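Report on the following structure.
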Amino acid sequence: MERLLLGDNQFFGVNHMSEEKARQQQMQFQDDEAIIAVLEAAYAEGIHSFMCTTHDRMGAIADHFRAHRDEFPEFTVLPGMPYAHKYANAVTTDGMVGAIQKFLPDGGLLDAAVRGTRSMARKEIEGVLTLLVDAEMKMFAGLPTPVVWLQNVVTDLLLGMGFNGAFEVFARHVREKYDAEPGFITMNLPLAVERLNAVGIENPLICSNINKIGFRMSGGIDAYRRLLDENRFRAVAMSVYASGAIPPEEAIEWVCAQPHIEAIVFGASSARNIASTRQLVDRYWPTQAAGADSSGRQTP
Amino acid sequence: MIRVAVVGLGKMGISHLSIARALPGVELAAICDSSGIMLDVLAKYTGLKTYTSLERMLADEPLDAVIVATPTRLHAPMVRAALEAGVAVFCEKPFCLGTDEGEELVALAAEKDLVTQVGYHNRFVGVFAEVKRLLDAGAIGDVTHSLAEAYGPVVLKPQGGTWRSRKSEGGGCLYDYAAHPLNLMNWYLGEPESVGGTVLNSVFSREIDDEVSSTLVYPGNVTTQVSVNWCDESVRKMTTRITLWGTKGRIFADRQELQAYFREDAPELAGYRPGWNVKYTTELTEPVSFYLRGEEYTAQLEHFAQRVADHQVAGTNDFASAVVTDRLIEQMRVDADQPDARVSVEGTPRTPAATHTRKPGLLARLRRH
């Protein structure tokens, strides 16, 4: 995996600090071309991996990079699913089961169970889960997707409920059907490591907030640091700037000093932002094997 | 360890179930819902004990508390059943459809000496709690005027299907959405003396209101302007915004950001200065033991669980405080149903009586096509 992954919150007005900033970002990125321009700028900086949600607008972005594969041969998508608002809004208007039916390719699948004429077997429930994954993956067909992430709202919902079997179903399906590594985004790293290990997902790939001030690191920053030391999971750090609460240099210096972090996901709205994050990471996170780094970074 | 059950497995019920089961000090003992399929799936995968009848669950399970997250019209009978069984209750908002019912339940809980709470989670949002602290400290002097807003993308086209689109079941923007900023205003400024100029407008819904505007008047002509609309596609998710003007400054808050302006004569407060102050959620939010969708959802259940464990009957968002908001909603509906009481502007034809059941006029229908 490359060491710097570009995230997509900034493109869709997800800003954990300011609603006003979020609105400005929505304006800035309301045309797909604006998103594509930032992705191309990242590519030029050697950042080829795009970690994105399965937002409807991703279809057009994927189309662009599929059509220009020759120009961007290393462009890679690490999709995170589902785009939860899509489902949450559907639940409000159609109810819980109605929402699931709406996103299934074959609406008839749940009918008998919904009518209460019979209960569903485990195999059928798992069939529904994998069909939902397939529906989300459709837009990325033809692009490399080496990692498929489960979004934190779902990972954490399942973690809390103790619905551990779903992790195993997701992991198996992602490996078998997409030849990809299953990844889990969470705000509750200690609980995630424990549960994923418990269902037999060894050395799981987990993306969580890792920042100097402990912002949204549920379970506490000490537990996170202990887990990083123990190296029992593959760590991807997000929210390293804690939504802007930590000055960039201080944030990057701290996160790069933590052990066993494989990659950092960051958000950027311009070529200049991308270059400055890139420079900070180069300074504080020197490549162990110069030139042989999988991120494709140039040796300074 | 307290034993808790969840009743109603819709969006909020599932969220409460997840959080409550992850809380230290809570044993999630059972779940109850009328939908067989949800129970069936959860029973298979989570090992939770399931019930389709609340009465049965209350009879069979030794419980300390229940979380009620059913449609609003079912709150009163279910809460009553739980209280009568001697069980503490956390109930989703809004509390009850009628103030009478709500007051009876307050009395019943008092008689049984039970802990109660309603899910007005905004009181557990760091920024909104900081506003309360600032107001209590007199940071902007005497409040003279305020603005309570909420906007979001809930009803974006003509529709109807679930209980949320039926007025008789507690659907509608006033009950379901405006309740949040109204509850915050009750917290900040108390109970208003009167309401006026309430208009409940349908934008896309057939039966319910999608837009709320109103004026709340507190003693001394202190006012709150209410502006709520859940047909606003321009925002990604619900945004609640409060602005307060006082004799010594002004405060603006949403769930992520506090902007406060203090005059030179405002009282000194640690961490603040005269002029503009900006603070963010990253600074104002206390960490929680488990995170799902926002710290406030966990914080409110941690508060409830702690109160049940310690048997602290007094606490944030008890039933009595939620009845204050129910009563305000009720009075706003009464106000909205009296369009004839409005003062007409001479020479201008009166607009048709605006009610939550009004059909769009011909012109409006043509305009939409």
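So, with a 1.4 angstrom probe, what is the percent of accessible area on the stretch B:249-351 that is carbon and sulfur?
That fraction is 49 percent.
Considering protein heavy atoms only and a 1.4 Å probe radius, which residues within the stretch B:16-44 exhibit an accessible-area decrease of no less than 30 Å² in the full assembly relative to the chain by itself?
So the qualifying set is B:SER18, B:ARG21, B:ILE37, B:MET38, B:ASP40, B:VAL41, B:LYS44.
How much accessible area does B:ASP113 have with a 1.4 Å probe, in Å² rounded to the nearest 10?
80 Å²
Can you give me the angle between helix A:189-198 and the longest principal axis of chain A, using Cα atoms only, in degrees from 0 to 90, rounded to the nearest 10?
50 degrees
Pull up the DSSP beta bridges for the protein assembly as shown and report the antiparallel fraction as a percent, rounded to 5.
About 40 percent, rounded to the nearest 5.
Taking only protein heavy atoms into account and a 1.4 Å probe, give the accessible area per residue of chain B in Å².
Accessible surface, normalised per residue, equals 41 Å².
Among B:HIS311, B:HIS121, what's the order by accessible area (1.4 angstrom probe), most exposed first?
Highest to lowest solvent-accessible surface, that is B:HIS311, B:HIS121.
Using r as the Cβ-Cβ distance of A:ALA88 and B:ALA110, and R0 as 41 Å, what FRET efficiency do you calculate, to the nearest 0.05?
0.65
Taking the Cβ of A:LEU129 as the center, what net charge do the other residues with Cβ under 13 Å away carry, scoring Lys and Arg +1 and Asp and Glu -1?
0
So what is the diffusion coefficient of chain B in µm² per second by Stokes-Einstein at 25 °C and 0.890 mPa s, using a Kirkwood Rh over Cα pairs?
It comes out at roughly 112 µm²/s.
Would you compute, for the Cα atoms of the stretch B:47-127, the largest minus smallest coordinate along each principal axis and list the three values in descending order, in whole Å?
Answer, in whole Å and largest first: 39, 31, 24 Å.
Relative to the longest principal axis of the C-alpha atoms of chain A, give the angle of the C-alpha long axis of helix A:271-284, reported between 0 and 90° and rounded to the nearest 10°.
Tilt relative to chain A: about 70 degrees.
Could you state, as a whole-number percent, how many of the C-alpha pairs of the stretch B:85-133 are farther apart than 17 Å?
47 percent
For the protein assembly as shown, what is the calculated [θ] at 222 nm in deg cm²/dmol (nearest 500), taking -39500 (n - 2.57) for each run of four or more DSSP H residues and dividing by its residue count?
-12000 deg cm²/dmol
As a test of reading the structure, rank A:LYS123, B:LYS237, A:LYS102 by solvent-accessible area (1.4 Å probe, protein chains only), most first.
From most accessible down to least: A:LYS123, A:LYS102, B:LYS237.
Hey, what does the equivalent ellipsoid look like for the protein assembly as shown, semi-axes from the Cα gyration tensor as sqrt of 5 times each eigenvalue, largest first, whole Å?
41, 31, 27
Considering all alpha-carbon pairs of the stretch A:1-83, what whole percent are spaced by more than 15 angstrom?
Cα-Cα pairs in the stretch A:1-83 separated by more than 15 Å: 57 percent.
Given a 10 angstrom Cα cut-off, can you work out which residue in B:THR215, B:THR52, B:THR224 is the most mobile in a GNM of chain B?
B:THR52
Just how much of A:ILE261 is accessible, in Å², when a 1.4 Å probe is used and the result is rounded to the nearest 10?
Taking all protein chains as shown, A:ILE261 has close to 20 Å².
Alpha carbon centre of the stretch A:160-185 versus the stretch B:178-249: separation in Å?
For the stretch A:160-185 versus the stretch B:178-249, the Cα centre distance is 43 Å.
Using Cα atoms only, what is the angle between the long axis of helix A:84-103 and the major principal axis of chain A, expressed in degrees (0 to 90) to the nearest 10?
The helix A:84-103 is inclined about 20 degrees to chain A.
How fast does the stretch B:123-289 diffuse by Stokes-Einstein, in µm²/s, taking the Kirkwood radius from C-alpha pairs at 37 °C and 0.692 mPa s?
194 µm²/s
Compute the signed sum of charges (Lys and Arg +1, Asp and Glu -1) over the other residues within less than 14 Å, Cβ to Cβ, of A:GLU181.
Counting the neighbours of A:GLU181, the net charge comes to -1.
Less than 21 Å apart at the alpha-carbon level, and either on another chain or at least 8 residues along: which lysines does that give for A:LYS21?
Within reach: B:LYS237, B:LYS279.
Distance in nm between label sites at A:GLU124 and B:LYS49, each 7 Å beyond Cα in the beta-carbon direction?
The answer from the label model is 2.7 nm.
Average projected area of the Cα convex hull of the stretch A:4-284, in nm²?
15.0 nm²
When chain A is treated as a GNM, springs tying every alpha-carbon pair under 10 Å, which of A:SER18, A:SER218, A:SER239 comes out with the largest mean-square fluctuation?
Judging by the Gaussian network model, the answer is A:SER18.
Over the residues of the stretch A:39-101, compute the C-alpha Rg and express it relative to 2.2 N^0.38 Å.
Rounded to two decimals, the normalised Rg is 1.46.
Semi-axes, largest first, in whole Å: what does sqrt of 5 times each Cα gyration tensor eigenvalue give for the stretch B:8-83?
Those come to 17, 15, 13 Å.
In nm, to one decimal, how far is the B:VAL313 label point from the B:LEU269 one, both placed 7 Å along Cα→Cβ?
Modelled inter-label distance: 3.3 nm.
Please list, ordered by chain and number, the residues whose modelled amide H lies under 5 Å from the amide H of B:ILE2; skip anything fewer than 5 residues away on the same chain.
Distant-sequence amide H within range of B:ILE2: B:VAL26, B:GLU27.
List, in the order given, every pair from A:LYS123/B:LYS11; A:LYS177/B:LYS44; A:LYS102/B:LYS132; A:LYS177/B:LYS93; A:LYS138/B:LYS157 whose Cα-Cα distance in the structure shown is over 31 Å.
A:LYS102/B:LYS132; A:LYS177/B:LYS93
Cβ under 9 Å from B:HIS121's Cβ, B:HIS121 left aside: what net charge do those residues give with Lys, Arg +1 and Asp, Glu -1?
Value of the local net charge: +1.
Please give the residues from the stretch A:148-187 for which the solvent-accessible area of heavy atoms, probe 1.4 Å, is smaller by at least 40 Å² with all protein chains in place than with the chain isolated.
A:LEU157, A:GLY160, A:MET161, A:PHE163
Simple spin-label model, 7 Å along Cα-to-Cβ: A:HIS64 to A:GLU33 in nm?
It is 1.0 nm.
Sort B:MET1, B:MET238 from largest to smallest accessible area, using a 1.4 Å probe on the heavy atoms of the protein chains.
B:MET1, B:MET238
Computed from the mean reciprocal separation of all distinct C-alpha pairs, what Kirkwood hydrodynamic radius does the stretch B:78-202 have, in Å?
For the stretch B:78-202, inverting the mean 1/r across all distinct Cα pairs yields 17.1 Å.
Quick one: how many Å² of B:SER289 are accessible to a 1.4 Å probe, rounded to 10?
50 Å²
The values are calculated or read from the model by the stated rules, or taken from the named source; none is laboratory data. Here the structure is a predicted model, which means the values were calculated and not measured. Ideal geometry is used to build each Cβ from the backbone, glycine not excepted, and the neighbour counts take in all protein chains shown. Areas reflect the complete protein model, heavy atoms only, side chains present, ligands, DNA and RNA absent. Shrake-Rupley method; radii C 1.70, N 1.55, O 1.52, S 1.80 Å.
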